[in-house]
Amino acid sequence: MHYIKQTVSLLLIFVYGFGFSQEAVPKQYTIDQIVQLALENNQKLKVSKKSVEIAKQQTDVYKQLQLPNISLGASAMYLGDINILDTDFSKLMTVDMPHFGNNFSLQTQQLIYKGKTINNTIKVGTLQEQLASLNVENDELSIKFLVISNYLNLYKLYNQKQVFLDNIELAKKRIDNVTSFYNQGMVTRNEVIRGDLLLASLNQAVVTINNNIDILNNQLTVALGLPENEQIIPVDDTLQLDTTLQDYGVYKEEATTNHPLIKSIDIQKDLAETSLDITKAEKLPTLAGFAGYNMQRPLTNSFPINDVYFNNWQVGVSLTYNIESLYKNKSKQSLDKLKVEQVEEAKTLTQQNLQVATKAAYLKYNEAISQRETYLESKHLAEENYRITEKKYFNQLALITEMLDASNSKLDAELQYVNSEINILYAYYNILKTVGQL
């Protein structure tokens, strides 16, 4: 009977674990390779990079403010006869005039002085470019850590699956032995059932792991721009990567000075200060040069009216001053100053948050190192306990419950150790991400 149960359980593993990925194409990737694929193909990064292009184009638009304003106009019209009226609006006479009229004009104006408004406006565009680039850099940090985390979780699932498969083989051998004892009348049917239940539980755990592998693999293929049917297989030497860290002080300094978030805030402060300069420039007079040419037909300021062209041109400078800026600009300047102060406070807050996050990440890394040593010792003890209990059970010196407890302890210890090795890598990359070095 238990052979039938084993067969059914393995069939379930095959159907549910592989039924949805029959056309899967397994391919091994290193961490560096998946990071590079993410940088090239991730859709969120493509959106962020478009923001950089938009910011650059906006700067080009601002630079157009340095060029003169030039307008060319032409018009054609039908002119009706002129009616001359008395002061009481009674008609005196009608004056015939040419009915076709047209006009040509050319006007140009060039700003000569307005503080540094145009230069500061262009500076705003340049700073927005830098800010957009830093946003991309920060998004890259998040995407890198996301795909690395998923990759490590995928590695963890494959290792967990292997642990369960190894324990399934041990469970099968144990059931064979228990069945032999049962056939000899040495144990009760209850012990056989316990063994079958444990095996079914292990098989179900493998089914769950297979489903989780498929889910995580799908998330990774989308993030990396890979075909949906590609099965990502972590390379075996992932755990051999160098995870040596420098002193905590190095990472603390790096996080609070060179993190993309800090650089972004510095640029935001520069933007706020530039906006303040533009506001201050509104109190300054505007000096501009201008030139124009007009040609018009007919000549209507003569009598009788002549159907001829007359033209004129002008060149000069204009000086204007916005008087309302004297009483309106003060509030705008106060607002811009408050924005500068807000950015300064935001930088202090961000530095504090990064210091806290860096400290926590560094402690978690050391904790992961310590846990690996602890779980390694626990694994050795659980394996030794399993061997001793197994021998006692075969010699009728231990109950099946003791055997199952030893098996469960061995399984838990192996899973904890396998996870602890990967947790070190996770903690290592988390530090790099936290300080902006990933």
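For the listed residue pairs K27/K156; K27/K50; K364/K433; K114/K339; K116/K263, the alpha carbons are over 21 angstrom apart in K27/K50; K114/K339; K116/K263. When K91, K50 are arranged by Cβ crowding within 10 Å, least crowded first, meaning fewest neighbours, the order is K91, K50. Only one residue of N177, S409, N119 has its Cα farthest out toward the positive end of the dipole of the chain, where Lys and Arg carry +1 and Asp and Glu -1 on Cβ, and that residue is N119.
Ranking L157, Y386, V95 by Cα position along the charge dipole of the chain, where only Lys, Arg, Asp and Glu carry charges on their C-beta atoms, puts V95 farthest toward the positive end. Separation of region 115-146 from region 261-316 is 30 Å, based on Cα centroids.
Largest GNM mean-square fluctuation among H380, H259, H99, using the chain with Cα springs under 10 Å: H99.
The chain: longest stretch without exposed GluC sites (Glu not before Pro) (DSSP loop, at most 14 other Cβ within 10 Å), sites themselves excluded?
The longest such stretch corresponds to 24-227.
Helical content of the chain, expressed as a calculated mean residue ellipticity at 222 nm, amounts to -24000 deg cm²/dmol (DSSP H runs of 4 or more residues, -39,500 (n - 2.57) each, divided by residue number, nearest 500).
Just D266, D32, D336 to compare: in a GNM of the chain, with alpha carbon springs under 10 Å, which one fluctuates most? Evaluated over the chain, the most mobile residue of the options is D32.
Taking the chain as a Gaussian network of alpha-carbon nodes connected by springs under 10 Å, the highest mean-square fluctuation of the residues S142, S264, S180 belongs to S180. Membrane-span-like helices in the chain, defined purely by DSSP H runs whose alpha carbon atoms cover 20 Å or more axially and whose average Kyte-Doolittle hydropathy reaches -1.0, are 2-18, 117-183, 189-224, 260-281, 400-435.
Where does each of V418, V317 land when they are ranked from fewest to most other beta-carbon atoms within 10 angstrom? Provide the component values of the computation, followed by the final result.
Values: V418 20, V317 10.
Fewest-to-most ranking of V418, V317: V317, V418.
Compute the Cα gyration tensor for region 220-318, then decide on rounded, prolate or oblate, letting a ≥ b ≥ c be the square roots of its eigenvalues: rounded whenever a/c is under 1.5, prolate when a/b is larger than b/c in the other cases, and oblate in all that remain. Since a/c reaches 1.5 but b/c is at least a/b, the shape of region 220-318 is classed as oblate.
Rule-based calculations on the coordinates, nothing more; no lab input. Values in this document were obtained by computation on a predicted structure and should not be read as measured data. Positions of Cβ are generated from backbone atoms using ideal geometry, with glycine treated the same way; all protein chains shown enter the neighbour counts.
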